[in-house]
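Asks: Below you'll find the structure I mean.
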Amino acid sequence: MNNNAKCLWLMLCLMLPSGIVLAGSELIQSGYQIQIVMPGEPSFTQPFEVDRAGRLQLPEVGAVPVAELDEVQMAQAVTQALSLAYRDLSGLKVYVAAERIRIQVMGYVQTPGEITMEVDAGVQIALQQAGGLRPGAQLDRMQLRRAGEQQVFDYKQYLDSGDLNALPKLKSLDTIFVPASSKIGNVATVFDPVALNDKGDAAETRTAIKVFGEVFKPGSFSFRQNASLVDMLMRAGGVTRYASVEQVRVIIDGQPMLFNLTQYLDTGNEALMPQLQPGTTIFVPKQQEEIKAGANTVYVMGEVFKPGAYEGHNDAGFLDVLANAGGPTRFAETRQIRVIRQGGDIEAFDLLAYTEGINANLPQIAAGDAIFVPEKTDLNEKSWTKVAPNRAVQVMGEVNRPGRFEWSDEMSLMDLLAHAGGPKRNADTANIQIVIALEDGKTDTVRFNLNHFLSGKMVREQLPAIAAGSLVMVPELPDDPSDNKSQWVRQASDDSIYVFGQVGAPGRYRFDPEMHFLDILAAADGPNGNADISNVRISHRNGKRAKISKLDLGLYFETGDENLLPNVIPGDSIYIPEKDRPWLAESKESTVRVLGAVGKPGRYRFNDDMTLLDLLAEAGGINDNSYPEKITVVNLSCCRDQARSFDLLAFSQTGNFAMLPVLRAGDTVYVPSEKDSDWFKARQGLEDIFRVVSISALLGFI
């Protein structure tokens, strides 16, 4: 590398942002995978792929166009976009992780669509990733479509010779289209030789013997001379157990006839066997069971051991008919038995309640009635349609088994929550919502605090009334706002307490209204080192208009007086200001100004318990070049201002506190410099006189 090239390279490196990796000069294409390394940001761990529009979709900043840029330009574009949302980019690295291209494979392939592959991969790799060619694909007329232009190439030539030059080179956003051969016709069909054999072996439809119905392998079979009907049934796999072999239907030369296979097997009479002709049709019907009907017939259906129709008598009751059907199975839902009257009316009956003595009336059974015993709903059943909405309660939210549950009036809310597996660890049990359907089609929402019930503040009779059709929603406690502030939208503002200012984790918090002020402050990680705990502000928004209260938290920690702590409820805001606030945030009447030769001149809060010594100590003390004998205190009075001098050196020698001047809010303290003292001025004058005399003497000597 010559000197000019080295200088150009150095200038380019100086122009690059910190952390960018310079590698190669290939232009970025759609499908490239770009790696962005940003320490401390987990959303940048995986590579980002350039989409079809040539953009990178980045967190917080959105789409960044990078197509047709080299790697250096791409890195600069990404860095500039990220700088709008991230402050610290010192460890940023942007580079091409993998050179890949986007290709669309359409037409007669197994899985047409868009694929991503290596930049040097060819047509054969694209077809392989698309699942391969379908039977019937035309290999010699494949098309490559690029930017509105079309190129036809012969894939068969490549398969015959292995010559890669017969295949076009692929670029990103190309489309490969595989046409279907014109020889396969207009209907796409999947040919299964096994399935074709199962359907028979007939090649000529007009002479084939057709066998269907209750046989194992229905189909069309080739006609054979001297083949009997039994032979044809055997070629069809034989009859099933449901076949009505006494009513086999046979059509020979357009003439239908019945064949009784049972009679033939019982007698062996060959005269009963019909003589088959080409084109014969054989149908084996399904055997029909005898349908019982009568003046005293009662029908029992569903989950019983022997469902069916039973002939009863006038003295037979509900339990007699049910016992005659074998009784309910272990899968039966005995709480929801239905009696269907002959006239169409439906009567519900709870057999379980009857066995427990809750219901003492059995339904009356008459001729023509039907008893239906439904199947018990399985909690693991994915389909909830087995429970009708008018007899189910929905439980949603933070419970272990949310879903629809069958409801009974003797159940309570506690039974329902227990049936749903109980609340999860992150459930907001103080704000359970119950939506009850009203008769006019509207709904009423009731809030329930489960914590009150568990702590004994409520009795069981005070639990909300639940009815079939209700909805129970157990909300989730909001996430830690320091981890994910986007979760705040799931929390209503009326249920939130806002904590701002100098705390460890400011944000929105949901709390029980009975929680203590210190609980809220502790959840926000408490005041930090810059917090002014003596000037806490609380905004109460629960009334018609806002009300501001002040809290001296430092005084509370000194006295332990609980009356100092305010009562905070959801909707209120807590603000803890910073110690060193700007001066404009404090009025001049509420502060004391310290000026002159002190360590930290400025404005300071002052109360009646402080003295001039406390104020000077808070201001960093006096400097080494100060003049402590002439400290000036300017008092702000009602009529006029007045100034007093204070000798700090004399006070330190005597310790007489009566010498300390009285300070009030609004006063000014000035500590003069040593240059302002009379001795310094006199010494400066003598030095000037000596300097003049010395110069005069020197001039006279010369």
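Asks: So for each of 142-149, 521-528, 428-435 I average, over its residues, the number of other beta carbons within 10 Å; can you give me the resulting order with the highest mean first?
Replies: Going from most to least packed, we get 428-435, 521-528, 142-149.
Asks: If you don't mind, there's one more thing I want to ask. If I model a spin label at residue 649 and residue 241 as a point 7 Å from the Cα along the Cα→Cβ vector, what separation in nanometres do I get?
Replies: Modelled inter-label distance: 12.2 nm.
Asks: Taking the Cα centre of the stretch 14-98 as the origin, how large is its charge dipole in debye, to the nearest 20, when only Lys and Arg (+1) and Asp and Glu (-1) carry charge on their Cβ atoms?
Replies: Dipole about the Cα centre, nearest 20: 120 debye.
Asks: Let me ask another. Is there a pair in 93/171; 217/306; 424/457 whose C-alpha atoms are over 25 Å apart, and which pairs would that be?
Replies: Those over the limit are 93/171; 217/306.
Asks: Continuing with this model, one more query. Taking 0.36 nm per intervening residue step and subtracting the Cα-Cα distance, what contour gain separates residue 140 from residue 331 on full extension?
Replies: The span from residue 140 to residue 331 would gain 62.5 nm if fully extended.
Asks: Could you work out how far apart the two model spin labels at residue 181 and residue 617 are, taking each label as a point 7 Å from the Cα in the direction of the beta carbon, and quote it in nm?
Replies: 10.2
Asks: Can you give the net charge of the other residues whose Cβ lies under 14 Å from the Cβ of residue 83, counting K and R as +1 and D and E as -1?
Replies: -2
Asks: If I take R0 = 60 Å and measure r between the Cβ atoms of residue 557 and residue 415 in this structure, what FRET efficiency does the formula 1/(1 + (r/R0)^6) give, to the nearest 0.05?
Replies: So the FRET efficiency works out to roughly 0.80.
Asks: Evaluate the distance, in nm, between pseudo-label points positioned 7 Å from the Cα of residue 314 and of residue 541 along their respective Cα→Cβ axes.
Replies: Each label point is offset 7 Å from its Cα along the Cβ direction, giving 7.8 nm.
Asks: Here's a follow-up. Which order do the peptides 562-571, 101-110, 341-350, 165-174 take when ranked by the mean count of other beta-carbon atoms within 10 Å per residue, highest first?
Replies: 101-110, 165-174, 562-571, 341-350
Asks: Run the numbers for residue 269 and residue 253: contour at 0.36 nm per residue of separation, minus the present Cα-Cα distance, in nm.
Replies: In short, 3.5 nm is gained.
Asks: Expressed in nm to one decimal, what extension gain is obtained for the pair residue 610 and residue 206 from 0.36 nm per residue of sequence separation less their Cα-Cα distance?
Replies: 133.5 nm
Asks: If R₀ is 51 angstrom, what is the calculated FRET efficiency for the pair residue 225 and residue 125, using the beta carbon separation as r and rounding to 0.05?
Replies: E between residue 225 and residue 125, to the nearest 0.05, is 0.30.
Asks: Still on this structure, I have one more. Just to verify a number: FRET efficiency for residue 217 and residue 69, C-beta to C-beta distance, R0 = 45 Å, to 0.05?
Replies: 0.10
Just so you know, all these numbers are worked out from the coordinates, no wet-lab data involved. Since the model is a prediction, treat every value here as computed from it, not as a measurement. Don't worry about glycine lacking a Cβ; one is built from the backbone with ideal geometry, like all the others, and counts go over all protein chains shown.
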